[in-house]
1. Within the stretch 142-159, count every residue that is crowded, with 21+ Cβ neighbours inside 10 Å and touching a strand residue (DSSP E or B) at 6+ places or on another chain (Cβ under 6 Å).
2. List the number of the failed condition for Leu77; all other conditions in (1) in contact with a Gly (Cβ under 7 Å, 6 or more places away or on another chain); (2) assigned to a helix (DSSP H, G or I) hold.
3. If you go through the stretch 132-159, how many residues are touching an Asp or Glu at 6+ places or on another chain (Cβ under 8 Å), aliphatic (A, V, I, L, M) and part of a helix (DSSP H, G or I)?
4. Any chance the stretch 183-192 includes a residue that's free of Cβ contacts under 8 Å to residues at least 60 places away in the same chain, over 16 Å from the mean Cα position of the chain (by Cα) and not in a helix (DSSP H, G or I)?
5. Out of everything in the stretch 19-38 that is within 22 Å of Cys177 (Cα to Cα) and of a type outside the set (Asp, Glu), what residue ends up being surrounded by the fewest Cβ atoms within 10 Å (Cβ to Cβ)?
6. Inspect the stretch 118-130 for any residue being within 21 Å of Phe155 (Cβ to Cβ), touching a Ser or Thr at 6+ places or on another chain (Cβ under 7 Å) and either of a type in the set (Phe, Trp, Tyr) or surrounded by fewer than 20 Cβ atoms within 10 Å (Cβ to Cβ) (or both) and give the result as yes or no.
7. Identify all residues within the stretch 99-124 that are under 15 Å from Phe171 (Cβ atoms) and touching a residue at least 60 places away in the same chain (Cβ under 8 Å); write none if there are none.
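Quick note: the coordinates plus some simple rules give every number you see, no bench work behind them. These figures come from a predicted structure and were not determined experimentally. Note: ideal-geometry Cβ built from the backbone for every residue, glycine included; neighbour counts use all protein chains shown.
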Amino acid sequence: MARVAEIHRKTRETDIHLRLELDGKGICQVDTGIPFMDHMLGLVAAHGFFDLEISATGDIEVDNHHTVEDLGICLGLALKEALGEKKGIHRYGEATVPMDEALARVVLDVSNRPFLAYRAEVESPRTGSFDIHLIKEFFRAVTNNAGITMHVDLFAGEDAHHISEAVFKAFARALDCAFKLESRLSGMVPSTKGIL
């Protein structure tokens, strides 16, 4: 059964079409109107081995906040839909990724218990024209809409771009680990409750 989701979300602030295939090859076609987010979402596809298509327009003449947050909402909804009942998945994922001087770890649980612990604050507020603080808002939207518990920890880093890359790559690899199918589960949900 294909683990695929398509999301269309339109508000007064944004209009987003997103297609996600979990068992892909890392193919990415993304146009969000925010080049930095295009780059980060491309990393998610490549390092998570997801096929990802996104077309987004938003009120970026105001700022990037609405578009970045709504991208997180749509990605979270797509992850939840593509996983379905979560039968047979590993459920837990963890990855620690370096990017030059930066070192970040993401640990997550596909538990239907949304929670974000984000300990990757940076001193520099911007990378290029992008407000780096929006990354936390993006991941909060992802976790809330996907039903994921996620911890993000930054162990080292100075450059805001390097830190961002390390976090997004670790996120992708942790998702890939959590979403892999475990043959020993024989298609059962990985919970003593029988449901996630």
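1. At the first step, the residues of the stretch 142-159 found to be crowded, with 21+ Cβ neighbours inside 10 Å are 142-143, 146, 148, 150, 152, 157.
The next check asks that each one be touching a strand residue (DSSP E or B) at 6+ places or on another chain (Cβ under 6 Å); those that pass are 143, 148, 150, 152, 157.
Residues flagged as crowded, with 21+ Cβ neighbours inside 10 Å and touching a strand residue (DSSP E or B) at 6+ places or on another chain (Cβ under 6 Å) within the stretch 142-159 amount to 5.
2. Only one criterion in (1) in contact with a Gly (Cβ under 7 Å, 6 or more places away or on another chain); (2) assigned to a helix (DSSP H, G or I) is unmet by Leu77, namely (1).
3. Number of matching residues: 2.
4. yes
5. Keep residues of the stretch 19-38 that are within 22 Å of Cys177 (Cα to Cα), which gives 19-28.
Still in the list and also of a type outside the set (Asp, Glu): 19-20, 22, 24-28.
Values: Arg19: 17, Leu20: 25, Leu22: 22, Gly24: 16, Lys25: 11, Gly26: 17, Ile27: 13, Cys28: 18.
My answer is Lys25.
6. To start, the set of residues in the stretch 118-130 that are within 21 Å of Phe155 (Cβ to Cβ) comprises 118-125, 127.
Retained after the next criterion (residues that are touching a Ser or Thr at 6+ places or on another chain (Cβ under 7 Å)): 127.
Narrowing the set further to residues that are either of a type in the set (Phe, Trp, Tyr) or surrounded by fewer than 20 Cβ atoms within 10 Å (Cβ to Cβ) (or both) leaves 127.
Yes: the stretch 118-130 contains one or more residues that are within 21 Å of Phe155 (Cβ to Cβ), touching a Ser or Thr at 6+ places or on another chain (Cβ under 7 Å) and either of a type in the set (Phe, Trp, Tyr) or surrounded by fewer than 20 Cβ atoms within 10 Å (Cβ to Cβ) (or both).
7. Scanning the stretch 99-124 gives Met99, Ala102, Leu103, Ala104, Arg105, Val106, Val107, Leu108, Asp109, Val110.
Residues checked against (1) in contact (Cβ under 8 Å) with a residue 60 or more places away in the chain; (2) hydroxyl-bearing (Ser, Thr, Tyr); (3) surrounded by fewer than 17 Cβ atoms within 10 Å (Cβ to Cβ); (4) touching a Cys at 6+ places or on another chain (Cβ under 7 Å):
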| position | (1), (2), (3), (4) |
| --- | --- |
| Ile16 | no, no, no, yes |
| His47 | yes, no, no, no |
| Asp59 | no, no, yes, no |
| Leu71 | yes, no, no, no |
| Leu75 | yes, no, no, no |
| Gly93 | yes, no, no, yes |
